[in-house]
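Colleague: Once you've had a glance at the structure underneath, I'll fire off some questions.
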Amino acid sequence: RESSAKPIDSHIRIHLAPRLRGTAIGAIDDVRLDQLWWDLLRTNPIRQAGHALPPGQTAVVHDTGKTLSMHTIKNIRGTLSLALGDAVKQRLLIANPMPLSPIPKLTQGAKHEIAPEARRALDDGQAATLARWCLANAHSERFALPLLLALDCGLRRSEALAVRVGSIDRKRQRLRID
């Protein structure tokens, strides 16, 4: 069906081909699949205007900044499972290794962890520069005030974004964090 052909093509071009290129079909086993699932869980998809880049094209691309959802990874797994099933039918594989390699279950928030080497605190100068930018752009940039609150009060992203006018007690100069 045409409605299912686009996602399958996308799964292959964006996610599977770049990660499995050069791997012989007989070398795709449960260990290789486990590596694939972890790679998909921890990396950001690279897109160009929401679409996969054609093979060999090196146009300007940007990282979407989002990790793949578990739903998308399950769909990619389904696409690969069908392909490996076809390989079994064509006698290219003895058995489909997919049942031996379930997608790992992540604890809440594990998918969005930042690698330790990528974590670093702002120094005083960087924090001051960011605070000045937030104050100067508070009326035009949607996230300037939540960012300033997070910076100044040490709030988590979810806490800063949850602040509402009713969260502020001007009389006592307190901010209620729910």
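The values are calculated or read from the model by the stated rules, or taken from the named source; none is laboratory data. Fair warning: this is a prediction, and the values are worked out from it, not measured in the lab. Positions of Cβ are backbone-derived with ideal geometry, glycine not excepted, and every protein chain shown enters the neighbour counts. Ligands, DNA and RNA are stripped out before the accessible areas are found, and what is left, the full protein with its side chains, is counted by its heavy atoms. Shrake-Rupley method; radii C 1.70, N 1.55, O 1.52, S 1.80 Å.
Colleague: Mind telling me which of the residues LEU68, LEU84, LEU80, LEU106 ends up being within 23 Å of the chain's Cα centre (by Cα) and modelled with pLDDT of 90 or more?
Modeller: On the way: LEU68 fails: modelled with pLDDT of 90 or more; LEU84 fails: within 23 Å of the chain's Cα centre (by Cα); LEU106 fails: modelled with pLDDT of 90 or more.
When all the criteria are applied, what remains is LEU80.
Colleague: Give the residues of the range 142-152 that are open to solvent by 40 Å² or more (accessible area, probe 1.4 Å) and at pLDDT 85 or above, sorted by residue number.
Modeller: Listed by number, the residues that qualify are LEU145, LEU147, LEU149, LEU151, ASP152.
Colleague: Considering (1) modelled with pLDDT under 60; (2) open to solvent by 30 Å² or more (accessible area, probe 1.4 Å), say which one PRO45 fails and leave the rest.
Modeller: Checking PRO45 against (1) modelled with pLDDT under 60; (2) open to solvent by 30 Å² or more (accessible area, probe 1.4 Å), the one that fails is (2).
Colleague: Working only within the range 135-167, note down all residues that are of a type in the set (Val, Ile, Thr) and within 18 Å of ALA121 (Cα to Cα).
Modeller: Within the range 135-167, none qualify.
Colleague: Oh, and also: Kindly indicate the residue of the range 136-161 that is of a type in the set (Gly, Ala, Ser) and touching a Cys at 6+ places or on another chain (Cβ under 9 Å) and also nearest to ASP178 (Cα to Cα) among those meeting that condition.
Modeller: ALA160
Colleague: Give me the pairs: first residue in the range 128-144 and outside any helix (DSSP H, G or I), second residue open to solvent by less than 100 Å² (accessible area, probe 1.4 Å), beta-carbon distance under 6 Å, and six or more apart or on different chains, which are they?
Modeller: These pairs meet every condition: ASN137/ALA144; ALA138/ALA144; ALA138/LEU145.
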